[in-house]
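The values are calculated or read from the model by the stated rules, or taken from the named source; none is laboratory data. For clarity, every value in this text was computed on a predicted model and none was experimentally measured. Virtual Cβ from ideal backbone geometry, glycine too; neighbours counted across all protein chains shown.
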Amino acid sequence: MSRTHLTRRSFLIASGARAVCGALPEPAARAARRVPVGLELYSVRDELAKDLMGTVRAVAKMGYEVVEFYSPYLQWSPEYARQVRKLLDELNLRCPSTHNSRGALEGEGLKKAIELNRILGSRTIVMASPGRVATQDDWKRVAEILTSAASTLEPLEMRAGYHNHQLEFTEREGLRPMPLLAANTPKNVTLQLDVGTCMEAGYDPVAWIKAHPGRIRSLHLKDWGAGAGRGYRVLFGEGDTPWKALLDAAEDQGGVEHYLIEQEGSRLPSLETATQCLANFRKLRPGA
């Protein structure tokens, strides 16, 4: 995977430009580090279950540059993971991160996750479910697991990450879990922002990005719209999310390295939905 190369190259481009003609204006700096756009494969889970290789080929043909596999991948054998990696290389697709249960970030689960992620070229093992949690101590234990995993992964040039849902941005009995997790984990733990669930919880995703510079290295670009029949069924760009301000913040302050479009479901079949979401993104970010 070339994520480290990408960010290093972007830094060199920006640094060289500053040396010649001073700091680049924000839009120009953004253009110098175009962010790859990918698909969280949960979006096409029905097709993936029927034909993984064919579905990955279809996603590449749409124009996506990266993909993120989710928890069933952890059942693969190393041999099968190598077949998937061969296909990714053939299609010029990258898998910079994977989605995992809590168990994949500790003990034997982490060992297997490391093995499969290294084969796939993934550098970030993201916890996408904290398991059963209720109290502040439960959430502090999640932070401890992430911190320990980050320490194990750092010498391998890999990272741990955490992916939020509504739960983490919802305050109950004076506790809002996401700020607690951010405050109790090192900065090399990626805070992968699921935009739609943050929106549904009523939390400002733009403010969250700005409050955690450099830690929002990837985002799930899931839209959300208030009102009957909307929710997560709106396609990217059709909901209530302030996308321009959010993407600007992600690129200027968040430290984003790749975007991942995600869709829970829509009025269209899943592959058609993925195609349309990418088209909508490119209208918002010409040249992406």
- Task: Please work out if Leu260 is under 15 Å from Tyr42 (Cα atoms) and within 16 Å of the chain's Cα centre (by Cα).
- Result: yes
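Taking the criterion of being modelled with pLDDT under 95, of a type outside the set (Ser, Thr, Tyr), in a loop (DSSP other than H, G, I, E, B) and surrounded by 16 or more Cβ atoms within 10 Å (Cβ to Cβ), would at least one residue in region 219-229 satisfy it?
No, that holds for no residue.
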- Please identify the pairs in which a residue from region 204-222 that is under 13 Å from Lys187 (Cβ atoms) has its Cβ atom under 7 Å from the Cβ atom of a residue that is of a type in the set (Lys, Arg), counting only partners at least 6 apart or on another chain. Gly214/Lys187; Arg215/Lys187
- Among residues belonging to region 144-193 that are in a loop (DSSP other than H, G, I, E, B) and touching a residue at least 40 places away in the same chain (Cβ under 8 Å), point out the one that is nearest to the chain's Cα centre (by Cα). Val189
- Could you list, in sequence order, all residues of region 70-86 that are under 17 Å from Gly38 (Cα atoms) and touching a helix residue (DSSP H, G or I) at 6+ places or on another chain (Cβ under 6 Å)? Tyr70, Arg85
- Message: With the structure loaded, tell me whether Lys222 is within 26 Å of Arg282 (Cβ to Cβ) and within 14 Å of the chain's Cα centre (by Cα) or whether it fails that test.
- Response: yes
- Any chance region 258-270 includes a residue that's among the β-branched types (Val, Ile, Thr), crowded, with 23+ Cβ neighbours inside 10 Å and more than 20 Å from Thr55 (Cβ to Cβ)? no
- Test Arg159 against the stated conditions and say whether it is at pLDDT 95 or above and more than 19 Å from Ala250 (Cβ to Cβ). no
- Item | Answer residue from region 230-257, given it is closer than 19 Å to Gly161 by Cβ and of a type in the set (Asp, Glu) and is surrounded by the fewest Cβ atoms within 10 Å (Cβ to Cβ) among those | Glu251
- Query: Is there a residue in region 225-235 that is more than 29 Å from Glu47 (Cβ to Cβ) and in the same structural domain as Leu146 (by TED's automatic domain parsing)?
  - Reply: yes
- Query: Of (1) modelled with pLDDT under 95; (2) closer than 18 Å to Ser97 by Cβ, Asp194 satisfies all except one. Which?
  - Reply: (1)
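Mind listing whichever residues of region 194-211 are of a type in the set (Asp, Glu) and assigned to a helix (DSSP H, G or I)?
Glu200, the sole residue that qualifies.
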